[in-house]
Amino acid sequence: MTTQVLLAGSTGLVGHLVDAGLTGRSDIALTRLVRPGSSGAGQPIDFENLYSAPEATLRPVMPNGVDVAISCLGTTIRAAGSQAAMYRVDHDYVLALAQGARALGACQFILVSSVGAGGPGFYLRTKGATERDIIALGFTRVDLIRPGMLLGDRARARPLERFGQRLAAGLAPLMVGKLSQYGVISAETVAGAIVRLTGQEGDGCRTYFNPQITRIVHP
């Protein structure tokens with residue numbers, strides 16, 4: 001039986017690795033959503049249309065329905081230009097994806113979120129709101145991926161992030177116990193966990209921090 005998988009954010013740091021991990025699997029039919037004009041391969045859609053009419057926008061793209069939806073969408077205030085623009089991507093577009101997928105039959109939603117989601121600060125509050133609103137949609141299974149600082153090379157360099165990666169990597173030996181969830185983790189490990197979780201049975205909401213993400217890939 002082929003699992004119909006819908007992936008958004010396939011050109012990002014984690015998303016392109018998830019794409020690579022799912023591509024070619026005989027048990028999965030993968031559809032990638034990309035912005036019009038994107039350099040990445042996939043189905044071009046206008047995310048504003050998706051926001052306005054989730055089901056109607058996705059139905060022509062997924063005529064066989066959706067089993068699993070994966071969101072690797074995400075941006076920063078600096079890249080988006082404002083808090084409102086970032087919220088549009090990290091909350092509104094992700095929620096619209098989930099609403100459309102749910103309407104087309106999806107039972108599982110996998111979300112790349114962030115450690116500290118729901119905590120103080122605009123970024124973490126946004127992540128928490130996105131998690132809350134997706135859970136409320138009633139998927140049979142929701143997998144919340146909450147990595148710490150991601151290690152990997154982005155297509156668009158973020159100098160401050162690279163500095164933070166080097167600093168966090170140097171502090172890694174000190175990040176033990178509960179602190180380990182705030183440490184660094186490779187984008188390859190996060191993507192590998194998502195690939196393994198895709199299509200898994202079971203119900204309820206599961207949350208994964210660095211240690212749990214790592215154990216999925218390296219039991």
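The values are calculated or read from the model by the stated rules, or taken from the named source; none is laboratory data. Predicted, not measured: the structure shown is a model, and the values here were computed from it. With ideal geometry, Cβ positions are generated from the backbone for all residues, glycine too; neighbour counts draw on all protein chains shown. Heads up: the accessible areas ignore ligands, DNA and RNA and are worked out on the full protein's heavy atoms, side chains in. Shrake-Rupley method; radii C 1.70, N 1.55, O 1.52, S 1.80 Å.
Things worth noting here:
- Note, ³J(HN,Hα) from phi for the stretch 9-19, Karplus 6.51, -1.76, 1.60, rounded to Hz, x at Gly and Pro: x, 6, 9, x, 4, 7, x, 5, 6, 5, 3
- Charged side chains reduced to their Cβ positions (Lys and Arg at +1, Asp and Glu at -1) give the stretch 41-160 a dipole of some 360 debye around its Cα centre.
- Surface analysis of the stretch 1-137 yields an accessible area of 43 Å² per residue, using protein heavy atoms and a 1.4 Å probe.
- Separation of alpha-carbon centers, the stretch 65-127 and the stretch 4-49, rounded to whole Å: 15 Å
- Global form of the stretch 2-66, assessed from the alpha-carbon gyration tensor, a/c cut-off 1.5: oblate
- The modelled label-to-label distance for the pair residue 78/residue 107, using points 7 Å beyond Cα in the direction of Cβ, is 4.3 nm.
- Residue-span extension gain [residue 206 to residue 218] - 0.36 nm each, minus C-alpha spacing: 2.5 nm
- Backbone HN-Hα couplings from phi across the stretch 59-68 [Karplus 6.51/-1.76/1.60, Hz, Gly and Pro as x]: 4, x, 6, 10, x, 9, x, 10, 9, 9
- Lys, Arg +1 and Asp, Glu -1 on Cβ, resulting dipole of the chain about Cα centre, debye, nearest 20: 600 debye
- For residue 186, nonlocal amide neighbours, meaning residues 5 or more places apart or on other chains whose placed amide H falls under 5 Å from its own, are 151.
- Carbon and sulfur %, accessible surface of the chain computed with the full protein complex present, 1.4 Å: 54 percent
- Two-site FRET efficiency, residue 132 against residue 20, from Cβ-Cβ distance with R₀ of 41 Å, rounded to 0.05: 0.85
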